[in-house]
1. Would it be correct to say that A:A278 is within 30 Å of A:V23 (Cβ to Cβ) and either within 16 Å of RNA strand B (Cβ to nearest atom) or surrounded by 15 or more Cβ atoms within 10 Å (Cβ to Cβ) (or both)?
2. Could you check region A:1-74 for helices (runs of 4 or more DSSP H) lying wholly inside it with 3 or more residues that are farther than 19 Å from A:A360 by Cα and of a type outside the set (D, E)?
3. Give, as residue ranges, the helices (runs of 4 or more DSSP H) completely inside region A:347-444 that count at least 2 residues that are farther than 29 Å from A:P540 by Cβ and in contact with a Lys or Arg (Cβ under 8 Å, 6 or more places away or on another chain).
4. How many of the residues making up region A:354-374 are in contact with a Ser or Thr (Cβ under 7 Å, 6 or more places away or on another chain) and either open to solvent by 20 Å² or more (accessible area, probe 1.4 Å) or not hydrophobic (A, V, I, L, M, F, W, C) (or both)?
5. Here is a list: A:W221, A:W261, A:W210. Which entry is in a helix (DSSP H, G or I), within 16 Å of RNA strand B (Cβ to nearest atom), more than 22 Å from A:S97 (Cα to Cα) and among the aromatic types (F, W, Y)?
6. Go over the candidates A:R291, A:R273 one by one and state the one that is more than 16 Å from RNA strand B (Cβ to nearest atom), modelled with pLDDT of 95 or more and touching a strand residue (DSSP E or B) at 6+ places or on another chain (Cβ under 7 Å).
7. With (1) open to solvent by 20 Å² or more (accessible area, probe 1.4 Å); (2) at pLDDT 95 or above; (3) β-branched (V, I, T) as the list, and A:V43 as the residue in question, which single condition is left unmet?
Amino acid sequence: MARILITSAIPYINGIKHLGNLVGSQLPADLYARYMRGRGHEVMFICATDEHGTPAELAAAKAGKPVAEYCAEMWQVQDELGKGFRLSFDKFGRSSSPQNRALTQYFAGRLAENGLIGEVTEKQVYSHADARFLPDRYIEGTCPNCGYDKARGDQCENCTKQLDPTDLIEPRSAISGSTDLEVRETKHLYLRQSLLKDRLDAWISSKTDWPILTTSIARKWLHDSDGLQDRGITRDLDWGVPVKRGEEPWPGMEDKVFYVWFDAPIEYIAATREWADAEALGDEAWQRWWRNDKGAADVRYVQFMGKDNVPFHTLSFPATIIGADDNWHLVDYIKSFNYLNYDGGQFSTSQGRGVFMDQALEILSADYWRWWLLSHAPENSDSEFTWENFQASVNKDLADVLGNFVSRVTKFCRSKFGEAVPEDGTTGKRETVLIGELQRRLDAYQAHMEAIEIRKAAAELRAIWAAGNEYLQDAAPWAVFKQDPAQAAAIIRLSLNLIRLYAVLSQPFIPDASARLLTALGCEEAGWPDDIATAVAALPAGHGFAVPDNLFGKITDEARQDWQTRFSGTRT
RNA sequence: GGGCCUGUAGCUCAAUUGGUUAGAGCAGAGCGCUCAUAACGCUUUGGUUGGGGGUUCGAGUCCCUCCGGGCCUACCA
C-alpha cells in the first residue's frame, strides 16, 4: 500500500468559483484521490480557502462586513459547494487558521536563519483616502504611451505596455477614485530564491515525466532575462499573517503581513495540521505526511492546479521548502491544467458569464458536471464548454450507454427471473472473450489513472460501459430465453455482475450514481477488482437486488436552450 | 516586444515520440434488434493533418516561413 498526498490549489475566498476553476484543480484532484483510495492506498487529500490579501479586504468592505467575518461566511459557502460536488477532501482548511499563522511564521524564521531573507526598502503608492498602500494594479490613470485613461499601474491593457504606477498621468486609486496619493518608502522582506536558482533548475530538469505545461512555465521563469528574481513576501496590509521571525518579533516589520502567495502554499501543510488537530491527533499525524525525517519519505506528493498557479508551485514554494532545510517533502508530481472557456469566450466572474458552482448544482446534480468536466478536462490546451456538447455528451454517455444498460438488465431480470441473481446455466466462449476485453480495458483504465491522463481514463471507462451493451446485444438473452431459460439466466447473472463492476470502476468519476447502483445491488462493501474474471462472479446466484430508478434523466432541448440564455451574462 | 502552448473529419479529441493505408466518440447515412430511458448493436460516408517551403528512404510528428487561436511576462490571486 502506497501513501499518496494530494493537494488541490486553494481557491481564493473572494466569491463563488466557476466551472473552469473547478475543473482546473479541485475536481481532477478529487478524481485522483478517489481512485487511489479505491485502489486501497492511504490518501491524504487537502484543500482550503486562500483568504488573505487585498481582494478579500475589498470584497468584505463591499459586503459591509469585517474581513474575518466575511471570510468565515465564504468559507462555509465554499465548503458546502465542495460537498455538493462530492469533493472528498480529508480536510478543507483555511489559510487564516492559527496553524497556518504559526507555520508561515516558522518558515519565515527558518529562511531568515538560513540567509534566504533580504530586506529591501522600496517606494509604494499610499492612498490617504483609502488609508492603505495600493498594489500597482489598484492604481489607475492615463497611459503615457497610448493615452488610454484606464491604464493600471502594472500594465496598460490597451497598448500592453508595462508600467510603473509613477508612469501614470493623473493617477488615482482604483478603489475610491481618490487622487490624494503619495509615494512612500516602505521596507519589505524578500525571499532570496535567486540563491536557489541552480538547485531549483536541476530539480525541475529532473522531472522529465511532468506535463510540458508545468515544466515550460517553470523554465521560463528560471531563465527569463535575468533569471529567477527574488520575490517580496510581505505587504502593508491588515489582513494576513503578521510578520514574525518564528515566534519572535521582526524589528521594522510591525504592522505588516506576509504576502498571500507566501502563506497560501504553506496552508497545504497547515491544513493537514488542522486535520490532525480536529481529529485530536498529535503532531506526528500530520508530520508523517510532510517531514521526510518523520515518516514522509515514502509519500508520493501530487499537486493539481491551473496553469496560472504553476510558477508559485514550481519555484516559490519549493524555494520555501528547500530553504527551510528541515527535510520537508517536496512535491513529486505537478499536474497542471489549461483553461476551460465558456461558449466562445472566457468564463468571467466580474461579468457573471458562464456557470458557477452554486448555479450548476441548482440545475443538475454533481455527477453530470463531474462526468462532462472530467471527460473534457483541458489537459493539453484550453477547451471549451458549450451547452450543445454538454447535452450530447451527458445524454449519450450517462443516460444511454451506462444508465440504459443498467435499466435493460435489471428490468429484464425482474420480468423473467425476479429480483434476485438467477442461478442456472453456464457461461461459454462469448463470456470468455468479453472478460478478456474487459481485462485489457481495465488495465488501460488503471494505467491512465496512474498517469493522471484524465480524458483517456474517461474514454476507457466509457468503452467499458459500452462493452456491456455490445455483449448484451450479441448474447441476446431475450431471444435465448424462449428456447433456453437457463442460458439466459447465465447471461443475466453475468450482466448484473457487470453493473456491480461498473459501479466500482465509475466511483471516482460519478460517485453518486455509483453509490446508488451499489445500494440497489445490495453490496455497499465493493472493493476494487483484482481481475475481471473474479469480479464478474462476485454476486452469487440468489443475491437479491432492487431495480433502481433511471440513473440519469436526459437533458431536453428546451432545458438546454433555457440554460443557454440564462447563463449568457450578468448573473442575477 | 519577448517566451511558451496550440491548429488533425461538421463537433470534441487520439496517433506507441520519425515508420505500413492518420484513428475513436458524437453528429450524418444504411441495416439489424425489441430486453431497455425512441434506448442498444453492426456497417458506413467524412481528412491535401491551417498555407507554403525544406531535411529524410520515409513527416501529423523535425527545421524555416506565413496565417489563426490561447496563455504567461514576476505588486490580482
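1. Details: within 30 Å of A:V23 (Cβ to Cβ): yes; either within 16 Å of RNA strand B (Cβ to nearest atom) or surrounded by 15 or more Cβ atoms within 10 Å (Cβ to Cβ) (or both): no.
No; evaluated as a whole, the condition is false for this residue.
2. Details: elements: A:19-24, A:26-38, A:54-63.
So the answer is A:26-38, A:54-63.
3. On the way: elements: A:357-363, A:366-375, A:387-393, A:404-416.
Passing ranges, in order: A:357-363, A:366-375, A:387-393.
4. Start the filter on region A:354-374 by keeping residues that are in contact with a Ser or Thr (Cβ under 7 Å, 6 or more places away or on another chain), which leaves A:354, A:372.
From what is left, the residues that are either open to solvent by 20 Å² or more (accessible area, probe 1.4 Å) or not hydrophobic (A, V, I, L, M, F, W, C) (or both) are A:354.
Going through region A:354-374 one residue at a time, the tally reaches 1.
5. Values: A:W261 fails: more than 22 Å from A:S97 (Cα to Cα); A:W210 fails: in a helix (DSSP H, G or I).
Exactly one of A:W221, A:W261, A:W210 is in a helix (DSSP H, G or I), within 16 Å of RNA strand B (Cβ to nearest atom), more than 22 Å from A:S97 (Cα to Cα) and among the aromatic types (F, W, Y), namely A:W221.
6. A:R291
7. Failing condition for A:V43: (1).
To keep it simple, each residue is scored yes or no on (1) at pLDDT below 95; (2) in the same structural domain as A:I454 (by TED's automatic domain parsing).
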| position | (1), (2) |
| --- | --- |
| A:A490 | no, yes |
| A:L501 | no, yes |
| A:V504 | no, yes |
| A:P508 | no, yes |
| A:A513 | no, yes |
| A:L521 | no, yes |
| A:G527 | yes, yes |
| A:A546 | no, no |
| A:Q564 | yes, no |
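The values are calculated or read from the model by the stated rules, or taken from the named source; none is laboratory data. Note that the structure is a prediction, hence the values are computed from the model and not measured. A quick note on method: Cβ atoms are made from the backbone with ideal geometry, for glycine too, and the neighbour counts reach across all protein chains shown. Ligands, DNA and RNA are stripped out before the accessible areas are found, and what is left, the full protein with its side chains, is counted by its heavy atoms. Shrake-Rupley method; radii C 1.70, N 1.55, O 1.52, S 1.80 Å.
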